[in-house]
Amino acid sequence: MAATLADDLTPFSGVQPDGAWRDEVRRLARERDAVLLAHNYQLPAIQDIADHTGDSLALSRIAAASDASTIIFCGVHFMAETAKILAPDKTVLIPDARAGCSLADSIDAAQLRAWKAEHPGAVVVSYVNTTAEVKAETDICCTSSNAVDVVRSIPEDREVLFLPDQFLGAHVKRETGRDNLHVWAGECHVHAGINGPELAARAAANPDADLFVHPECGCATSALYLAGEGVVPETQVKILSTGDMVTEARNTRATTVLVATEIGMLHQLRLAAPEIDFRAVNERASCRYMKMITPAALLRSLREGRDEVHVDATTAARARGAVQRMIEIGKPGGAE
Ligand code: 13P
Ligand code: SF4
């Protein structure tokens, strides 16, 4: 199923994440021989019950290596699809298939084919936030934690088409200094809403704080600008994937950290470094698709075996090489 966003996004509700729920989830997971994976933006109760919580690269790697016969992917649809591409013989369930992604929706396979036709011979690098059909048209996938390494792995003289996130693309272009990298003008509605003026005001009010900024943010450029202008010391500005934020939380000496990404991230950061005061740059930056994986949805998934994720064999075979290259390149990504 392509991740075209559903009209009705009312989450499954009516179940409290209490002790009885936790016992039932664990019992059903054992019964199904299922591993529970949760992205860092999931609701805290879902992160806490999962076997592994992490960024999209780390979760892809875990899905590929797992012995479990069923993967329950608590995240958004493209992540579960990626797990299915890597593990076609396993049953992959997402607790609510309506959990899409506005960024993945910003380019489809026909648009990518047309773009490729304008740049024959270019290497296509797609962020993992894309549908299986787009991945099937891609040479190498990447995530925020290895995007720079992936582009560096491509010979300097080859043109690169980078999609779909314009802010991550700008970050990669800056880091690699490549002029022959073309960037698709897509964006994530949640991260684009974390803007530069907001970040600048928060940084000015907290001059000693570290800034942890996800490269999908509209403010990533401003964060680097603030550092360049000396408003915030360069060492305090850190452009990081969600998994790398957790690693950095354990290493920083800062007592306050301003976090520019989806607010679900704060839960793992506070668990990793309880002594640090983590503050969201934008408290309204919540991804409604991620939050559709509710306690009720997870229970339904385990009881009814829903929603099963299918990727047709031809598309999966074409996409697999690009996804495999993604998990082979760069740092391992972060998961607990
Ligand atoms: P990460 O790759 O950093 O986990 O981010 C995924 C995502 O959807 C960000 O919005
Ligand atoms: Fe997609 Fe944005 Fe939600 Fe991440 S936060 S899953 S990019 S809509």
ask   = If only one of Ala313, Ala317, Ala280 is buried (at least 17 other Cβ atoms within 10 Å of the Cβ) and either hydrophobic (A, V, I, L, M, F, W, C) or under 23 Å from Ala104 (Cα atoms) (or both), which one is it?
value = Ala280
ask   = Looking at region 180-299, what strands (runs of 3 or more DSSP E) fall wholly within it and have at least 3 residues that are within 24 Å of Asn146 (Cβ to Cβ)?
value = 181-183, 210-213, 237-239, 256-260
ask   = Which of (1) within 13 Å of ligand 2 (Cβ to nearest atom); (2) of a type in the set (A, V, I, L, M); (3) modelled with pLDDT under 95; (4) not in a helix (DSSP H, G or I) is the odd one out, the single condition Leu59 does not satisfy?
value = (4)
key: Number of the condition not met by Asn206 [criteria: (1) away from ligand 1 (no atom under 16 Å from the Cβ); (2) in contact with a strand residue (DSSP E or B) (Cβ under 6 Å, 6 or more places away or on another chain); (3) not assigned by TED's automatic domain parsing to the domain that holds Val257]   = (3)
request  = Being among the small types (Gly, Ala, Ser) and surrounded by 24 or more Cβ atoms within 10 Å (Cβ to Cβ) is the filter here, so list the residues in region 51-87 that pass it.
outcome  = Gly54, Ser56, Ala58, Ser60, Ala63, Gly75, Ala80, Ala83
query = Among Phe212, Phe278, which is of a type in the set (A, V, I, L, M, F, W, C), out of contact with any His (no Cβ under 8 Å at 6 or more places or on another chain) and within 12 Å of ligand 1 (Cβ to nearest atom)?
reply = Phe212
ask   = If you go through region 208-223, how many residues are surrounded by fewer than 19 Cβ atoms within 10 Å (Cβ to Cβ) and either of a type in the set (A, V, I, L, M, F, W, C) or at pLDDT 90 or above (or both)?
value = 1
query = When region 149-160 is examined, which residues are found to be surrounded by fewer than 23 Cβ atoms within 10 Å (Cβ to Cβ) and either without any contact (Cβ under 8 Å) to a residue 60 or more places away in the chain or part of a loop (DSSP other than H, G, I, E, B) (or both)?
reply = Val151, Arg152, Ser153, Ile154, Pro155, Glu156, Asp157, Arg158, Glu159
request  = Filter region 77-106 for residues that are over 18 Å from Val134 (Cβ atoms) and either outside any loop (DSSP other than H, G, I, E, B) or basic (Lys, Arg) (or both) and give the result.
outcome  = Lys90, Thr91, Val92, Leu93, Arg98
request  = Of the numbered conditions (1) more than 13 Å from ligand 1 (Cβ to nearest atom); (2) within 25 Å of Pro207 (Cα to Cα); (3) in contact with a strand residue (DSSP E or B) (Cβ under 8 Å, 6 or more places away or on another chain); (4) touching a residue at least 40 places away in the same chain (Cβ under 8 Å), Val237 fails exactly one; give the number of that condition.
outcome  = (4)
request  = Answer yes or no: is there a residue in region 112-121 that is more than 11 Å from ligand 1 (Cβ to nearest atom), in contact with a Cys (Cβ under 9 Å, 6 or more places away or on another chain) and not in a loop (DSSP other than H, G, I, E, B).
outcome  = no
ask   = So Trp21 fits all but one of (1) surrounded by fewer than 20 Cβ atoms within 10 Å (Cβ to Cβ); (2) touching a residue at least 40 places away in the same chain (Cβ under 8 Å); (3) in a loop (DSSP other than H, G, I, E, B); what number is the exception?
value = (3)
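The values are calculated or read from the model by the stated rules, or taken from the named source; none is laboratory data. Note that the coordinates shown come from a computational prediction; the quantities given were computed from them, not determined experimentally. A quick note on method: Cβ atoms are made from the backbone with ideal geometry, for glycine too, and the neighbour counts reach across all protein chains shown.
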